[in-house]
1. Calculated FRET efficiency, B:ASN57 and A:VAL24, Cβ-Cβ r, R0 41 Å, to nearest 0.05?
2. Of the peptides B:12-23, B:101-112, how do they stack up when ordered by the mean number of other Cβ atoms within 10 Å, highest first?
3. State the extension gain, in nm to one decimal, for the chain segment bounded by B:LYS96 and B:PHE46, taking 0.36 nm per residue of separation less the distance between their alpha-carbons.
4. Structure shown: which of A:LYS42/B:LYS101; A:LYS78/B:LYS38; A:LYS78/B:LYS96 lie over 23 Å apart, alpha-carbon to alpha-carbon?
5. Per-residue mean of other chain beta-carbon atoms within 10 angstrom of the beta-carbon, peptide B:35-46?
6. Please report, for the Cα atoms of the protein assembly as shown, the Rg to one decimal and the Dmax as a whole number; what are they, in angstrom?
7. Using unit Cβ charges (K, R positive; D, E negative) and no other charged atoms, how large, in debye to the nearest 20, is the dipole of the protein assembly as shown about its Cα centre?
8. Setting aside same-chain residues fewer than 8 positions from B:LYS56, which lysines have a Cα under 20 Å from its Cα?
Amino acid sequence: EPEVTQTPSHQVTQMGQEVILRCVPISNHLYFYWYRQILGQKVEFLVSFYNNEISEKSEIFDDQFSVERPDGSNFTLKIRSTKLEDSAMYFCASSDLGLSTDTQYFGPGTRLTVL
Amino acid sequence: DQQVKQNSPSLSVQEGRISILNCDYTNSMFDYFLWYKKYPAEGPTFLISISSIKDKNEDGRFTVFLNKSAKHLSLHIVPSQPGDSAVYFCAASDRKSSGDKLTFGTGTRLAVRP
């Protein structure tokens, strides 16, 4: 069964450093998403991406964040200068054509630890 | 901003019995609802969804009920199995205004006792 994959599974970085989290969405999906879950809190929407541009972003997704689809398979989330409060699980998701009744399928997540 | 609420942080059920997980929402614009299951160190796994034009959707052991007037939905698992032990998240979207953005509840941890 097709699945969303994410690398790395765990990333440790120093505050102020740049990190890139990588995702390979399900191959025939056209809508891509990033969510995060801070320990003990709910899963929060960060950004959605379609047709090589951001379709929606939350207030969390400030200028320190960016997303990119550098090739036909990868979808990346970059945090330019990490803060302690960026420590969280980051989940990538994808859906098929972004139809309003369609389902988002999630990857296993990347645990980001900012020291 | 708690537009989606799961008021029970945990639930314990005997194997073979029914598990009922509840979710309330405040945003009347939500028109699509989903349930996800999550194991530790894994991503959310889709279980079942329902559109606001329906009041029930069934898939095997899982049934979701939607009561729009009460802004309430529930997930029924019958019969419950030990492998169902996980955290269950309710999620909702307002497709007209916010596209596919999902708003999640805080989750309910289900423990199914053998």
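1. Using R0 = 41 Å, I get an efficiency of 0.85.
2. B:101-112, B:12-23
3. 15.8 nm
4. A:LYS78/B:LYS38; A:LYS78/B:LYS96
5. Shielding by partners across B:35-46 averages 5.
6. Expressed in Å, the Cα Rg and Dmax of the protein assembly as shown come to 17.5, 51.
7. About 600 debye.
8. B:LYS5, B:LYS37, B:LYS68, B:LYS71
All of the numbers you see were taken from the coordinates with simple rules; none came from a lab. Every value quoted in this text rests on a predicted model; they were computed, and no experiment measured them. Glycine also receives a Cβ, built like all others from the backbone with ideal geometry; neighbour counts cover every protein chain displayed.
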